[in-house]
Amino acid sequence: MRYHSSHSLMPYAMYLRAMCIYMQVASVGRDARIAQDAKQAFIELMNRFPNSIYYDDSARKIFVLDGILAAHEMNIGRFYQKKSNSLSAIGRYNFVITKFGHTNQAAEAYYRIIECCLDEGLNEEALAAYNALKIKFSNDKWKEKADTLMSTKQLIKKK
């Protein structure tokens, strides 16, 4: 790849390299560095060869890797939340919403922010997170849980 960067098989070589890294991604609970490296390899392939036959598969792999990276951040956030470090947990959850808002983890991140804000007595911030969750994920199970949580705290009226 270094010496023949303009070769016609370069997209294939880059795809194989990215797949080798991708296949090493173990699980959510492990170090996320390999998942980040795999994502970067696929992004590099897509940027250098946007008309490649590997483009669509690379985009799908990036979507999967984003889910893994978001789940990893959620695990760390839940750890902080369990240790009563709500502000650090909120930081992790906000990161998930900002960087991985397109993943399945985003709705839970909003819910966890609501929990942390309520634990810290930040009712207005909890209500703001609840409203964002309600708008973006109106039919999600985490929105239903948030409805119950917010109504028990008497911040909203249960319908």
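The values are calculated or read from the model by the stated rules, or taken from the named source; none is laboratory data. Treat the numbers as computed from the prediction; the structure is a model and nothing was measured. In this analysis, Cβ positions are derived from the backbone assuming ideal geometry, glycine residues included, and neighbour counts consider all displayed protein chains. To get the accessible areas, we keep the full protein, side chains included, count just its heavy atoms, and leave off ligands, DNA and RNA. Shrake-Rupley method; radii C 1.70, N 1.55, O 1.52, S 1.80 Å.
Of note:
- Residue count for the stretch 76-100 under the criterion of being outside any helix (DSSP H, G or I) and open to solvent by 70 Å² or more (accessible area, probe 1.4 Å): the result is 2.
- Residues of the stretch 35-54 satisfying the condition of being open to solvent by 80 Å² or more (accessible area, probe 1.4 Å) and farther than 11 Å from residue 21 by Cα: 47, 48, 51, 53
- Residue count for the stretch 102-127 under the criterion of being open to solvent by 20 Å² or more (accessible area, probe 1.4 Å) and of a type in the set (A, V, I, L, M): the result is 3.
- Extreme residue, farthest from residue 86 (Cα to Cα), among residues of the stretch 127-159 that are touching a Lys or Arg at 6+ places or on another chain (Cβ under 8 Å) and hydrophobic (A, V, I, L, M, F, W, C): 137
- Scanning the stretch 55-75 for residues that are open to solvent by less than 40 Å² (accessible area, probe 1.4 Å) and among the polar types (S, T, N, Q) returns a single hit, 58.
- Set 108, 115, 73: member being farther than 25 Å from residue 33 by Cα, acidic (Asp, Glu) and assigned to a helix (DSSP H, G or I): 115
- Counted residues, the stretch 84-139 - those being in contact with a Ser or Thr (Cβ under 6 Å, 6 or more places away or on another chain) and either among the aliphatic types (A, V, I, L, M) or more than 20 Å from residue 71 (Cβ to Cβ) (or both): 2
- Every pair of residues 6+ apart whose Cβ atoms lie under 9 Å, when the first sits in the stretch 72-84 and is under 23 Å from residue 26 (Cβ atoms) while the second is open to solvent by 40 Å² or more (accessible area, probe 1.4 Å) and of a type in the set (A, V, I, L, M, F, W, C): 72/28; 73/95; 74/28; 75/28; 77/95; 80/87
- Filtered by the rule that a residue be open to solvent by less than 60 Å² (accessible area, probe 1.4 Å) and at pLDDT below 90, the stretch 12-26 gives a lone residue, 25.
- Enumeration of residues in the stretch 14-59 that are in contact (Cβ under 8 Å) with a residue 24 or more places away in the chain, farther than 24 Å from residue 75 by Cα and not in a helix (DSSP H, G or I): 49, 52, 53, 54
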